[in-house]
Amino acid sequence: MIAVYERVSTAKQDFESQHTAILQHLERTGSLDSAQFYQDTVSGGRFDREGLDRLLADVSKGRIREVICWRLCRLGRSLSGVLQVLNHFQRHGVGFLSLSDNIDTRNQNPMARLQIQMLAAFSEFEKECLRSRIACGIDAARKRGAKFGRPPIESGKRGRVKELLNQGVRPAEVARETQVSLPTVYRIRSRD
């Protein structure tokens with residue numbers, strides 16, 4: 001079966017332009033009768049979508065042999081998220097065709113593999129750029145005097161936690177009595 005995935009971001013939009021282009025392709029290739037349509041009206045930044053979830057489940061069950069989309073951005077806005085979906089298709093031997101972008105992995109040809117590898121490279125690049133921007137932002141904030149992480153525990157509380165633990169009091173009771181989080185109690189215990 002051929003799966004067709006269509007998505008619009010809001011209820012004010014309609015599927016008409018992408019639907020028309022896909023129908024024309026299906027009619028031209030004689031595969032309209034074997035097409036199953038999956039649709040979502042939700043932002044492409046979200047990956048918890050009812051239509052996409054059903055599509056991925058059908059792919060996993062072996063019901064789908066290829067997926068057609070009008071444009072790659074209909075699968076999602078995040079490159080890493082789109083890549084996860086494409087990898088899911090590939091793991092299950094399902095080809096993918098994006099009509100407007102000319103991305104076609106249905107024949108597992110070298111060009112299709114190159115396209116997926118390039119998407120993966122861009123995804124990795126996007127993640128590295130994000131990490132770099134975050135690190136720069138944290139560094140600038142520290143230079144302005146911002147503090148990160150948990151505030152240090154008062155030495156009196158630390159001493160009381162150690163004392164109670166040495167008396168054999170259970171960590172959960174120590175946390176309640178001293179009003180220190182249970183993970184902090186465990187950290188203090190493991191450092192002694």
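Readers should treat all values here as calculations from the given coordinates under stated rules, not as data from a laboratory. Quick caveat, the model's predicted, so the values are computed rather than measured. Note: ideal-geometry Cβ built from the backbone for every residue, glycine included; neighbour counts use all protein chains shown.
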Isotropically averaged projected area of the chain, using the convex hull of Cα atoms (one quarter of hull area), nm²: 17.8
Need one number: nm distance between label points at Leu32 and Arg131, each 7 Å from Cα along Cα→Cβ, rounded to one decimal. 5.0
Please enumerate, by chain and number, the aspartates and glutamates with C-alpha under 20 Å from the C-alpha of Lys147, excluding those fewer than 8 residues away in the same chain. Asp139
Give the angle, between 0 and 90 degrees and rounded to the nearest 10, that separates the Cα long axis of helix 16-29 from the longest principal axis of the Cα atoms of the chain. 50
Using only the alpha carbons of the range 24-107, determine the length spanned along each of the three principal axes and report them from longest to shortest in whole angstroms. 33, 27, 23
Residue by residue through the range 103-108, the couplings from Karplus 6.51 cos²θ - 1.76 cosθ + 1.60 with θ = phi - 60°, in Hz, x for Gly and Pro, are 9, 9, 9, 5, 9, 6
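Given a Förster distance of 30 Å, report the FRET efficiency between Gln117 and Lys143 from their Cβ-Cβ distance, rounded to the nearest 0.05. Write down the numbers at each step before the final one.
Values: r = 39 Å, r/R0 = 1.31.
With a Förster radius of 30 Å, E is 0.15.
I'd like to compare 145-158, 87-100, 32-45: which one has the highest average count of other Cβ atoms within 10 Å, and what's the full order after that?
Working: 145-158: 9.6, 87-100: 16.9, 32-45: 15.4.
Those peptides, ordered most packed to least, come out 87-100, 32-45, 145-158.
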For the range 124-183, take the convex hull of the Cα atoms, compute a quarter of its surface area, and give me that in nm², please. 6.5
Cβ-derived FRET efficiency at R0 30 Å, Ser60 paired with Ser17, nearest 0.05: 0.50
The helix 79-91 Cα axis meets the longest alpha-carbon principal axis of the chain at an angle in degrees, between 0 and 90 and rounded to 10, of 60
Add -39500 (n - 2.57) for each DSSP H run of 4 or more in the chain, then divide by its residues: what number comes out at 222 nm, to the nearest 500 deg cm²/dmol? -17500 deg cm²/dmol
Quick shape summary for the range 6-70, equivalent ellipsoid via Cα gyration tensor, semi-axes whole Å in descending order, reads 20, 18, 7
